[in-house]
Structures are given as C-alpha cells and as structure tokens.
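The values are calculated or read from the model by the stated rules, or taken from the named source; none is laboratory data. Predicted model, so just to flag it, every value in this text is computed and none were measured. Cβ coordinates were reconstructed from backbone atoms using ideal geometry, including for glycine residues, and neighbour counts include every protein chain displayed. Surface areas here come from the heavy atoms of the whole protein model, side chains and all, with no ligands, DNA or RNA. Shrake-Rupley method; radii C 1.70, N 1.55, O 1.52, S 1.80 Å.
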Amino acid sequence: MNHENALELLRRLLVALLGGLWLAAGVLVFLHAMEMTGPVVWVRGGFTLVLNLAEQPFGTVLTWAALAVWAILAGLLLLALALMRVADEGRRIVLRGTAPNGFYGGGQLTVAQRSLEALAAYTAERVDGVREARPRLRLRRKGWHIACRVTLAPDAALPDVSTRLKTALHDAIEHHTGLPVARVDIDAQLHAIDAHRRVR
C-alpha cells in the first residue's frame, strides 16, 4: 500500500470513527431526554461530565432532544460518506451492452473504475506542464464524462496544456474502452492537490 492509499484509508477510518462517536452520543442523549435512561456520565482521565435533565424545564429537555437528533443525523451522514468512498473504490463498470454492435463479443466485460481513473491519471501526468492529476470518470448514456483536477507547473500555458490534456484523456479512455468520451472537464491549479505533496 503506497503513502497516498494509506492516508486515504486513514481519512476514511477517521470519518467513520467520528460518525460513530456522533451517533453514539446522539442516541445516549436522546434516550436520556426521553427518560428512557438515567443521567449520561462520561469519565476520562480525572475529568467527569454529567448530563442530567431530570430537573430541567421542558424547553431545555426539548432543546437537548433536538441536538441529539442532529447529532444522530450527522453521525449517520459521516458513516454513509465513509462507506460510500469504500463502495466507490470497489465499483466495477459493466461495458458489455454499451459498446456499439457487440464490440466486446459474447459474455460480460467489467472494468474497475479505480483502474480507469489510474489510467487517466497516468495519461494526464505525462502531458507537459501537468505535475499531478486526480481524474474522476463516469459512464453516461452518451459516453464517458471525465472530470480531472490537475496541478500545473508555474510556467505552463493553461490554454496549450488544457488542449493537450483533453486530447490525451479523450484518446486514452476511448482507445482502452472502445466507448466514446462525451465530455472532458479540467480543473487546473498551481498548488498541490494534497497539502503533503509539493509542486516541483
């Protein structure tokens, strides 16, 4: 596993952990606000936090219940985001039936989306003036839609680089999949896409 994949895995785990914490805290507070459990007590390293709504006015209890619902929703959303990224990385695209006149012959042909995006990144980073590329591919009815974030060299001429880049991505994906490329969008910048990577 390379450095970038390890960092991405760590990010996903942290998002999932944060989501789980928000969800657990929201459920505990909500159950207490609805008088289904006793006070919420949290003890950590000599520090004690107690939430006891038994003697509080109805408005205060209602506010805590609303906050708990928001925490539950935020936790579920964070967990969904972490899981969606995992699902997206393992996503496979079925090419059979999308090619004109049975281009692929009989049987079923699938390709991993991640491998196509790696191919697009490889292609983009070989264009003069491109330092780093992060492509995303989606197969639509009219063909591939490619969205590519790139870091350019400071002396690169944006019109020239973007023209060469669009042509290179178009040709590579069309050549390797046999399916048309309907659209290529480029998002160019001069600083590194990730903070830990520097433009050379």
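In the set (1) modelled with pLDDT of 90 or more; (2) not in a loop (DSSP other than H, G, I, E, B), H176 fails one condition alone, (1). Among the conditions (1) over 24 Å from G20 (Cβ atoms); (2) among the acidic types (D, E); (3) at pLDDT below 85, E89 misses just one, which is (1). Residues satisfying the criterion are present in the range 1-24 (criterion: touching a helix residue (DSSP H, G or I) at 6+ places or on another chain (Cβ under 9 Å), within 30 Å of A118 (Cα to Cα), at pLDDT below 85 and among the hydrophobic types (A, V, I, L, M, F, W, C)). Listed conditions (1) open to solvent by less than 90 Å² (accessible area, probe 1.4 Å); (2) on the phi > 0 side of the Ramachandran plot are all met by E35, apart from (1). Given the criteria of a type in the set (A, V, I, L, M), free of Cβ contacts under 8 Å to residues at least 40 places away in the same chain, in contact with a Phe, Trp or Tyr (Cβ under 8 Å, 6 or more places away or on another chain) and open to solvent by less than 80 Å² (accessible area, probe 1.4 Å), does L51 qualify? When the stated conditions are applied, L51 passes them. Just so you know, in the range 138-166 the residues that are over 25 Å from P180 (Cβ atoms) and outside any loop (DSSP other than H, G, I, E, B) include one that is most open to solvent (accessible area, probe 1.4 Å), and it is L158. When restricted to residues that are closer than 28 Å to T110 by Cβ and either surrounded by fewer than 19 Cβ atoms within 10 Å (Cβ to Cβ) or under 20 Å from the mean Cα position of the chain (by Cα) (or both), the range 121-137 contains 9.
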